[in-house]
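First comes the structure, then the notes that go with it.
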Amino acid sequence: MKRSLRLSLLVLFGLGLAGPQTPTPTSDAGLYKVLLAARKAAVGRPLEENQQVVCGPEGDATNHKIQALNHNKNRTDRPSNYVAMSWEQVRNLPADRVDDFQGAPVSVVGYLSHRINVERGESTNCHLLQPNEVDWHIYLTNSPAQGIADAVIVEATPRVRPQHKWTRAMLTPLVDTDTQVRISGWLLYDLEHVNVIGRQRATVWEVHPITRIEVHKNGQWVDVDSKQWMQTANAPVESTPTRATAVSAAQPAEGNPSVKVWVNTASGVYHCSGTRWYGATNEGIFMTQAEANKKGYRSANGRVCQ
């Protein structure tokens, strides 16, 4: 068996399993061969509400290219295996290989930045506007708390989300933190956004739709759909048990109310003095911790400031 074929089989079948280690991506040359072998043609699915079709698989687009693009966005099938890619490899995929790479199942590690953006009406969803009818536009960056110009876009679609337990409340506490995530899904080239590369995204190659979200916790990857994650790491902020046991008896559970914190106004997360992102995110404002809590902002990683 030739070395390239052995490499392809290793990446395609060995790297799709969730595990404690993130597989090392292949070289670009080897990666391209694997992506080409792994790609699967998309079959778009309609969006249904109460067992009624409210939007077809091509959305409401009239342009044939956009109709074909929407079929890719609106697929709902789940890959059994994923090709591991680095964030840089996704960003640097060539624009002249769309027919070769689009529709490959991929997995990429990064950080959630800026916010979980609920899209407004788009042709892929027939310009519908309700929360269960629109995409979640998520910014995956190569390091924490980066601007959107440095993001690979990954999207959770209304056709796929019902298969999962994902919520915005689940994902938002991960935004602008040092917690790594691993996003898996279908590789897509979103030709509608070429004109905003470098301003609103780093590339128009996306993971779209997302089919799996994992968080790196205690040395292993944990699927956010799993019972393990739902019972521990991902309780909604408002129902999180008190952290009084971790705070001295003389200090209230909410920390020092008068201490100055830095609020990332894009993500709604605030950071304590002396931490990496204190005063360092692109958008933000200083205020007391009491003010931040009163306005509904959340502390980074659930840690109060003393």
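We did not get these values from a lab; they are worked out from the coordinates using the rules stated. Since the model is a prediction, treat every value here as computed from it, not as a measurement. With ideal geometry, Cβ positions are generated from the backbone for all residues, glycine too; neighbour counts draw on all protein chains shown.
Anisotropy class assigned to region 3-231 is rounded, per the alpha carbon gyration tensor with a/c under the 1.5 cut-off.
Between residue 78 and residue 65, the simple spin-label model (points 7 angstrom out along Cα→Cβ) gives 3.5 nm.
On the basis of the beta-carbon distance and an R0 of 45 Å, residue 163 and residue 33 show a calculated FRET efficiency of 0.90. Residue ranges 142-151, 57-66, 177-186 sort as 177-186, 142-151, 57-66 when ordered by packing (mean number of other C-beta atoms within 10 Å per residue, highest first).
The residues packed around residue 55, meaning those with a beta-carbon under 11 Å from its beta-carbon, carry a net charge of -4 if Lys and Arg are +1 and Asp and Glu are -1. As a proxy for reagent exposure, 32, 189, 82 were ordered by neighbouring Cβ count within 10 angstrom, fewest first; the result is 32, 189, 82. Working from label points 7 Å from Cα in the Cα-to-Cβ sense, the residue 149 to residue 230 distance is 4.2 nm. From most to least packed by mean Cβ count within 10 Å, the peptides 212-224, 91-103 give 212-224, 91-103. Other residues lying with their Cβ under 12 Å from the Cβ of residue 109 contribute a combined charge of -1, Lys and Arg counting +1, Asp and Glu -1. Between residue 258 and residue 280, what length comes free when the chain is fully extended (0.36 nm per residue of separation minus the Cα-Cα distance, one decimal in nm)? So the chain would gain 5.9 nm between residue 258 and residue 280.
Would you tally the net charge around residue 273, using a Cβ to Cβ cut-off of less than 13 Å, leaving residue 273 out, and scoring K and R as +1, D and E as -1?
Working: positive: 260, 276, 303; negative: none.
In short, +3.
For region 3-231, the number of Lys pairs with C-alpha atoms closer than 19 Å, counting only pairs eight or more positions apart or on separate chains, is 6.
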